[in-house]
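Trainee: Structure in structure tokens, see below.
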Amino acid sequence: QKEVEQDPGPLSVPEGAIVSLNCTYSNSAFQYFMWYRQYSRKGPELLMYTYSSGNKEDGRFTAQVDKSSKYISLFIRDSQPSDSATYLCAPHRGGSRLTFGEGTQLTVNP
Amino acid sequence: EAGVAQSPRYKIIEKRQSVAFWCNPISGHATLYWYQQILGQGPKLLIQFQNNGVVDDSQLPKDRFSAERLKGVDSTLKIQPAKLEDSAVYLCASSVTGVGTEAFFGQGTRLTVV
């Protein structure tokens, strides 16, 4: 079983749609839950992260962690064509390696 | 603030040849990572340095891959001999420390082994 599972998509939505991206993980020691965004032919860049369970909001983006079910979500409201990218979840224990999911490729159509 | 610099951007080699990649992290970042990203997959950590010491190289294929970090700053990753399955993007990243802090990634080196 992979430590982190993520639906690779691809996911295609119209502009303005609400997007839900999800990951599951198996290691209960994970404490930090990162979301990276990767544009084509670029390196990943940190979008946001949460520590332990709960929600965190940053503009149009909301990250949600449910440690009891080992489920991580990223919601994008009012999606824009500029949001078209691959989104990678990356939980870790702190001081240890990031374990990336496969990434979900998102396309937002104008 | 300058980002993580990597070179070359692209490299095509034949199998069994050797290749080296170079990384210059963000100034002041003690932790440096090398990741391998195969097409359609997430990045996989190959090696993590803290200053010039190795913290984690458990996923580095040591029979063919080697890495060093010179004076705790620049780093090189070498593959010798290369195999077809080494075709991937090699990403270098750095962070202030390795504990729950943001890792900044370079643009990567795209390696094609033919």
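Trainee: If I model a spin label at A:Asp58 and A:Glu45 as a point 7 Å from the Cα along the Cα→Cβ vector, what separation in nanometres do I get?
Mentor: According to this spin-label approximation, the distance is 1.1 nm.
Trainee: A drop of at least 50 square angstrom in accessible area, chain alone versus all protein chains together, probe 1.4 Å. Which residues of the stretch A:38-64 meet that?
Mentor: A:Arg41, A:Pro44
Trainee: Report ³J(HN,Hα) in whole Hz for each residue of the stretch A:33-48, in order, from the Karplus equation J = 6.51 cos²θ - 1.76 cosθ + 1.60 where θ = phi - 60°; Gly and Pro get x.
Mentor: 3J(HN,Hα) across the stretch A:33-48, in whole Hz: 10, 9, 10, 10, 10, 10, 7, 4, 6, 10, x, x, 10, 5, 8, 5.
Trainee: Kirkwood-based Rg over Rh for the protein assembly as shown (C-alpha set), two decimals?
Mentor: When Rh is taken as the Kirkwood radius, the ratio is 0.97.
Trainee: Count charges around A:Ser79 for me, please; just the other residues with Cβ under 13 Å from its Cβ, Lys/Arg as +1, Asp/Glu as -1.
Mentor: Within the 13 Å Cβ shell, the charges total 0.
Trainee: On a straight-distance basis, which lysines could pair with B:Lys11 in a cross-link, Cα separation under 20 angstrom, same-chain partners fewer than 8 positions away excluded?
Mentor: Filter leaves A:Lys42, B:Lys44, B:Lys78, B:Lys83.
Trainee: Leaving out ligands, DNA and RNA, calculate the buried accessible area for the pair B and A with a 1.4 Å probe, summed over both sides, in Å² to the nearest 100.
Mentor: Answer for the B-A pair: about 1600 Å² buried.
Trainee: Still on this structure, I have one more. Taking the Cα centre of the protein assembly as shown as the origin, how large is its charge dipole in debye, to the nearest 20, when only Lys and Arg (+1) and Asp and Glu (-1) carry charge on their Cβ atoms?
Mentor: Magnitude of the dipole: close to 600 debye.
Trainee: Calculate, in whole percent, how much of the Cα-Cα pair population of chain A lies beyond 17 Å.
Mentor: So the pairs more than 17 Å apart make up 49 percent of the total in chain A.
Trainee: Pop out the carbon and sulfur fraction of the accessible area of the stretch B:4-114 as a percent, whole number, probe 1.4 Å.
Mentor: 52
Trainee: Related question: So how compact is the stretch A:48-104: Cα radius of gyration and Dmax in angstrom?
Mentor: Calculated on Cα positions, Rg and Dmax stand at 12.2, 35 Å.
Trainee: Accessible area per residue, 1.4 Å probe, Å², for chain B: what's the number?
Mentor: That works out to 48 Å² per residue.
The values are calculated or read from the model by the stated rules, or taken from the named source; none is laboratory data. Nothing here was measured: the structure is a model prediction, and the numbers come from that model. Ideal geometry is used to build each Cβ from the backbone, glycine not excepted, and the neighbour counts take in all protein chains shown. These area figures cover heavy atoms from the full protein model, side chains too; ligands, DNA and RNA do not enter into them. Shrake-Rupley method; radii C 1.70, N 1.55, O 1.52, S 1.80 Å.
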